[in-house]
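S.K.: There's a structure below that I have some questions on.
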Amino acid sequence: MTYRKNLKKLLILIILLTSNDINSVELDGVINDAEWEDSKSIDVFYTVYPFSLNKPSLKTEARLISNEEGIFISFKNYQNIKKLRSIKSSRDILNESDTNVVVIDFGNNGVEAYEFALSSAGTQVDGTFTNGNDLNRDWDGDWSGLTTKGEDYWSSEFFIPWTVTTLPKNEGELRDIRIMFGRYIYEENIWISSIKSSYSRNKFLSRLSKVSVKNFSASKLSIFPYASSFNDSVMDSKTNRLGADIFWNTGTGRQINMTINPDFGQAESDDLVVNFSAQETFLSEKRAFFTENQSLFTIKDRDKFSVINTRRIGAAPDYDCSKFDDELACQASEKLYSDLDYAFRITEKRDDLDLGVFIAKESDETYSTGREFTAIRSRKNINNLTFGHVVTHVSNRLLNESSTVNAFDFDKIFTEKIRLTSTLLSSRTNESTGYGLKSSIRYRPNKDQSTNTTFRYFDKSLDLNDFGYLKDSDYFQLSSRSSKQQTNYGNDSSLNSSEVSVWWSISGDTNGNTNPVFINPQIEYFYKDGSKFNAFFTFKSSGKNTTITRKNPIYPFAKIKSSQSITLDYEGIISSSFEYDWRISFDKSPKYKTWGSNGYKKEFYKLGAKYSFDENLTFGINLIAKKEKEWLRWIEQNQLSSSDLGRREISFNLNWYRGLKHELRLKSQFIALKSKSPIGLSVNEQGYLSENGNGIDSFSIGQAALQLRYKYEFAPLSNIYLIYSKGGDVSLDNENNDFLNLFEDAWSNPANEAISIKIRLKY
């Protein structure tokens with residue numbers, strides 16, 4: 001209680017900002033007492049991972065000071081320097097090294113905040129919090145930091161300018177913000193925090209410590225011109241582009257962003273995906289303009305839906321070549337992406353009200369017309385209640401179609417124990433109207449227990465996919481996860497914590513056809529050396545698979561058998577330089593009596609390793625093998641097949657850094673699949689499977705992708721990229737190809753092989 005009272009007095013009553021004559025801190029990672037003499041020190045911390053709230057064994061001192069430029073923060077982290085973990089990594093990679101973190105809620109409303117982190121190796125990590133504790137690390141902010149190492153400590157210094165975010169307009173002399181200081185101690189595999197809360201808690205942002213600072217306002221105009229050149233030797237495609245992104249923070253609570261002739265060539269490649277399911281694969285956004293200041297528009301539900309998916313903007317154009325006399329010329333001109341005329345976004349903060357408008361227009365082409373995207377967002381916060389509305393509209397002149405989506409979001413934190421979140425959805429596409437609902441209640445009776453129950457309902461006509469993402473329409477689900485954590489392990493124990501949980505789910509389509517009931521008990525052990533062991537047990541009842549038949553109105557489902565599975569997963573630490581992980585899984589279900597079935601079986605094996613030669617050079621590799629008997633695949637209508645599926649995957653990466661300016665990265669992935677011994681199946685109106693005697697071809701698939709990227713950051717957020725990329729994809733009606741040959745064929749027959757150069761400057 002004494003620590004809590006002292007910390008509360010310290011952080012609430014003091015004014016951490018003084019007058020304008022405070023000199024700026026020299027950002028060098030070295031804590032100079034003269035520079036920090038007007039700051040206040042915070043040295044009371046609690047262990048929040050595992051969530052024991054114990055006093056940590058290692059001392060940490062955090063300091064904060066600010067002036068008209070922004071906020072300066074320092075950490076002095078005491079420990080045996082020989083046990084310090086310091087490995088350079090790409091931006092936004094966390095838990096690779098000892099780390100300091102700061103979370104700041106500039107609006108003092110407990111709704112939105114920003115994360116800033118520095119590893120002991122100098123790697124920057126940043127992200128945005130919305131809705132109390134939802135974290136997204138797609139955002140990269142314009143802030144800076146450096147670290148140094150002493151004899152018995154390491155230190156870090158942050159500079160976070162006021163212009164890193166849109167500050168609400170404030171007329172008074174003082175401004176209230178909320179803040180948290182944290183540290184990850186790799187040696188003990190724990191997170192410590194200046195507050196008695198963690199990222200996973202219901203009221204995390206509202207528990208940040210309130211700090212009164214002098215009210216500074218600043219405006220900033222940032223211009224990011226770019227030049228890029230792209231040459232694909234396989235596609236015989238050459239593109240040279242010039243454009244610019246413009247970001248204007250007015251200093252009055254308003255931020256205006258615009259992009260002109262944007263470049264959508266990605267410096268960060270997507271992972272390979274082989275998807276035979278009815279659901280679209282969701283790909284995260286990697287383009288800088290669409291991640292900056294975008295958090296206000298974020299309304300999503302894990303992997304189920306997202307009201308706005310900016311990857312739709314600039315996607316492949318729609319074509320109707322049959323309308324043109326030169327149909328062949330039209331087909332030859334088809335592209336995999338759309339150019340943009342412009343994109344525009346404005347956001348404004350007014351006390352507890354946030355407003356935003358987003359507009360984007362794709363370019364017209366000879367044989368296609370560009371789509372137009374619009375989104376309008378409002379969000380209101382009253383105490384522990386946040387509610388808002390977003391409306392999106394997409395116009396497609398080529399197809400003479402339009403789509404409008406409305407989403408109403410509601411988030412109420414009743415107490416530290418109970419939180420309710422809901423989203424109501426509606427869509428109108430031409431003459432079709434659909435509705436959806438997601439509602440979740442989270443209950444934490446104490447610090448060690450939690451239950452989260454969620455209901456989802458999306459009717460047949462709900463359609464978000466013109467501007468957003470919806471994994472499944474015609475879908476309902478009731479699910480719940482209950483967990484209990486144990487953290488009171490003694491000093492002699494190798495365990496940090498353990499957790500036992502049970503997850504269950506009932507789902508189906510809106511006609512009442514129910515999928516197998518899913519029950520998943522799980523036990524997890526977290527060790528003090530950073531290792532982790534999980535055991536998953538899955539039990540599925542018999543039921544109806546409502547997705548495999550692609551929503552066929554006559555054959556809406558296929559009846560499937562019950563199954564049981566076990567998955568064991570381990571992440572080990574041999575030394576500070578070498579880590580490895582493995583996973584094995586076995587799944588089994590009884591035979592079908594309606595056809596010559598032998599029973600479903602699946603085996604899955606994964607082995608991964610990562611080795612750090614030194615602070616600057618790291619190599620990682622992952623190997624995956626999968627065998628699946630009686631793998632069901634949809635062909636068409638009520639035609640399915642059962643076959644034996646084999647899969648092999650190899651991925652590896654190499655990261656090399658020279659200082660904090662140079663980065664060389666190699667990323668490669670190879671996937672091979674073989675489907676053999678196929679049997680043609682039909683499903684009747686009752687969902688029963690039977691052999692139909694149709695001949696089904698075996699097939700093999702090989703995919704390969706490689707990206708070699710050199711990045712030089714010659715100034716903050718000013719970079720030069722040199723990128724070589726190559727990708728191949730082969731599909732063969734032959735089960736006799738071995739996996740190695742499929743790797744080689746995919747590599748030897750590239751679908752693309754390109755060299756690109758990109759320069760992006762910040763003014």
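The values are calculated or read from the model by the stated rules, or taken from the named source; none is laboratory data. Since the model is a prediction, treat every value here as computed from it, not as a measurement. Heads up, the Cβs are rebuilt from the backbone with ideal geometry, glycines too, and the neighbour counts pull from every protein chain shown.
S.K.: In the range 390-408, which residues are of a type in the set (A, V, I, L, M, F, W, C) and in a strand (DSSP E or B)? First the steps, then the outcome.
M.R.: Narrowing the range 390-408 to residues of a type in the set (A, V, I, L, M, F, W, C): 390-391, 394, 398-399, 405, 407-408.
Those that are of a type in the set (A, V, I, L, M, F, W, C) and in a strand (DSSP E or B): Val390, Val391, Val394, Val405, Ala407, Phe408.
S.K.: Can you name the number of the only condition in (1) under 25 Å from Ser589 (Cα atoms); (2) touching a Leu at 6+ places or on another chain (Cβ under 6 Å) that Ser668 fails?
M.R.: (1)
S.K.: If Met180 satisfies every condition in (1) surrounded by 20 or more Cβ atoms within 10 Å (Cβ to Cβ); (2) at pLDDT below 90; (3) of a type in the set (A, V, I, L, M) but one, which is the exception?
M.R.: (2)
S.K.: Moving on. Just to be sure I understand the filter: pairs with C-beta atoms under 6 Å, separated by 6 or more residues or on different chains, first member in the range 335-358 and closer than 18 Å to Arg312 by Cβ, second member among the β-branched types (Val, Ile, Thr). Which pairs pass?
M.R.: Here the result reads Tyr342/Ile260; Ala343/Thr259; Phe344/Ile359; Gly356/Thr347; Val357/Ile346; Val357/Ile376, each pair linking the range 335-358 to a residue that is among the β-branched types (Val, Ile, Thr).
S.K.: Step by step: first the residues of the range 700-741, then only those that are within 18 Å of Ala625 (Cα to Cα), of a type outside the set (A, V, I, L, M) and out of contact with any Asp or Glu (no Cβ under 8 Å at 6 or more places or on another chain), then the one that is surrounded by the most Cβ atoms within 10 Å (Cβ to Cβ). Which residue is that?
M.R.: Start the filter on the range 700-741 by keeping residues that are within 18 Å of Ala625 (Cα to Cα), which leaves 700-704, 735-741.
Filter once more, so that each one left must be of a type outside the set (A, V, I, L, M): 700, 702-703, 735-739, 741.
Restricting the remaining residues to those that are out of contact with any Asp or Glu (no Cβ under 8 Å at 6 or more places or on another chain) gives 735-736, 738-739, 741.
Working: Glu735: 17, Asn736: 10, Asp738: 13, Phe739: 20, Asn741: 16.
Selected residue: Phe739.
S.K.: While we're on this one: Quick one: is Leu437 within 21 Å of Asp134 (Cα to Cα), in contact (Cβ under 8 Å) with a residue 12 or more places away in the chain and aliphatic (A, V, I, L, M)? Please lay out each step first, then the result.
M.R.: Numbers: within 21 Å of Asp134 (Cα to Cα): yes; in contact (Cβ under 8 Å) with a residue 12 or more places away in the chain: yes; aliphatic (A, V, I, L, M): yes.
So Leu437 fits the description; yes.
S.K.: Working only within the range 95-116, note down all residues that are closer than 21 Å to Glu571 by Cβ and either touching a residue at least 40 places away in the same chain (Cβ under 8 Å) or outside any loop (DSSP other than H, G, I, E, B) (or both). I'd like the intermediate steps shown before the answer.
M.R.: Start the filter on the range 95-116 by keeping residues that are closer than 21 Å to Glu571 by Cβ, which leaves 95-99.
Those that are closer than 21 Å to Glu571 by Cβ and either touching a residue at least 40 places away in the same chain (Cβ under 8 Å) or outside any loop (DSSP other than H, G, I, E, B) (or both): Asn95, Ser97, Asp98, Thr99.
S.K.: Tell me which residues, restricted to the range 502-523, are buried (at least 17 other Cβ atoms within 10 Å of the Cβ), among the polar types (S, T, N, Q) and not in a loop (DSSP other than H, G, I, E, B).
M.R.: Ser505, Ser507, Asn520, Gln522
S.K.: Continuing with this model, one more query. Of all residues in the range 341-356 being surrounded by fewer than 21 Cβ atoms within 10 Å (Cβ to Cβ) and in contact with an Asp or Glu (Cβ under 9 Å, 6 or more places away or on another chain), which is farthest from Asn249 (Cα to Cα)?
M.R.: Of all residues in the range 341-356, those surrounded by fewer than 21 Cβ atoms within 10 Å (Cβ to Cβ) come to 341-342, 344, 346, 348, 350-353, 355.
If we keep only those that are in contact with an Asp or Glu (Cβ under 9 Å, 6 or more places away or on another chain) as well, we get 341, 348, 355.
Working: Asp341: 23, Glu348: 10, Leu355: 15 Å.
Checking each candidate, the answer is Asp341.
S.K.: Within the range 378-414, restricting attention to residues that are touching a Leu at 6+ places or on another chain (Cβ under 7 Å) and of a type in the set (D, E, K, R), which residue is surrounded by the most Cβ atoms within 10 Å (Cβ to Cβ)?
M.R.: Arg379
S.K.: Suppose we filter Ser89, Ser74, Ser57 for residues that are part of a loop (DSSP other than H, G, I, E, B), among the small types (Gly, Ala, Ser), in contact with a strand residue (DSSP E or B) (Cβ under 7 Å, 6 or more places away or on another chain) and in the same structural domain as Leu118 (by TED's automatic domain parsing); which single one remains? Please lay out each step first, then the result.
M.R.: Numbers: Ser74 fails: part of a loop (DSSP other than H, G, I, E, B); Ser57 fails: in contact with a strand residue (DSSP E or B) (Cβ under 7 Å, 6 or more places away or on another chain).
Within the list Ser89, Ser74, Ser57, the selection yields Ser89.
S.K.: In this structure, is Phe305 closer than 22 Å to Ser427 by Cβ and of a type in the set (Phe, Trp, Tyr)?
M.R.: On the way: closer than 22 Å to Ser427 by Cβ: yes; of a type in the set (Phe, Trp, Tyr): yes.
Yes, satisfied.
S.K.: When only residues in the range 186-233 that are within 24 Å of the chain's Cα centre (by Cα) and among the aliphatic types (A, V, I, L, M) count, which is nearest to Asn384 (Cα to Cα)?
M.R.: Among those residues, the one meeting the criterion is Leu205.
S.K.: If you don't mind, there's one more thing I want to ask. Any chance you could count how many residues in the range 174-187 are outside any strand (DSSP E or B) and touching a strand residue (DSSP E or B) at 6+ places or on another chain (Cβ under 7 Å)?
M.R.: Within the range 174-187, the first condition is being outside any strand (DSSP E or B), and the residues that meet it are 186-187.
Okay, now just the ones that are also touching a strand residue (DSSP E or B) at 6+ places or on another chain (Cβ under 7 Å), so none.
Going through the range 174-187 one residue at a time, the tally reaches 0.
S.K.: Quick one: how many residues across the range 274-328 are of a type in the set (A, V, I, L, M) and either at pLDDT 85 or above or in the same structural domain as Glu365 (by TED's automatic domain parsing) (or both)? Please lay out each step first, then the result.
M.R.: Taking the range 274-328 and keeping what is of a type in the set (A, V, I, L, M), we get 274, 278, 283, 288, 296, 299, 307-308, 313, 315-316, 328.
Then drop every residue that is not either at pLDDT 85 or above or in the same structural domain as Glu365 (by TED's automatic domain parsing) (or both), which leaves 296, 299, 307-308, 313, 315-316, 328.
Residues flagged as of a type in the set (A, V, I, L, M) and either at pLDDT 85 or above or in the same structural domain as Glu365 (by TED's automatic domain parsing) (or both) within the range 274-328 amount to 8.
S.K.: I would also like to ask the following. Among the candidates Thr454, Thr421, Thr433, single out the residue that is crowded, with 17+ Cβ neighbours inside 10 Å, at pLDDT 95 or above and part of a strand (DSSP E or B). Explain how you work it out, then say what you get.
M.R.: Details: Thr421 fails: at pLDDT 95 or above; Thr433 fails: crowded, with 17+ Cβ neighbours inside 10 Å.
It is Thr454.
S.K.: Taking the range 72-107 as the region of interest, how many residues are buried (at least 23 other Cβ atoms within 10 Å of the Cβ) and on the phi > 0 side of the Ramachandran plot?
M.R.: Result for the range 72-107: 0.
S.K.: Hey, another quick one. Of everything in the range 465-501, what is among the β-branched types (Val, Ile, Thr) and surrounded by fewer than 17 Cβ atoms within 10 Å (Cβ to Cβ)? Give them in sequence order. Write out each step before concluding.
M.R.: Within the range 465-501, the subset among the β-branched types (Val, Ile, Thr) is 487, 500.
Within the range 465-501, just Val500 meets the criteria.
S.K.: Also: On the basis of being of a type outside the set (S, T, N, Q) and in the same structural domain as Ile177 (by TED's automatic domain parsing), does Val213 make the cut?
M.R.: yes
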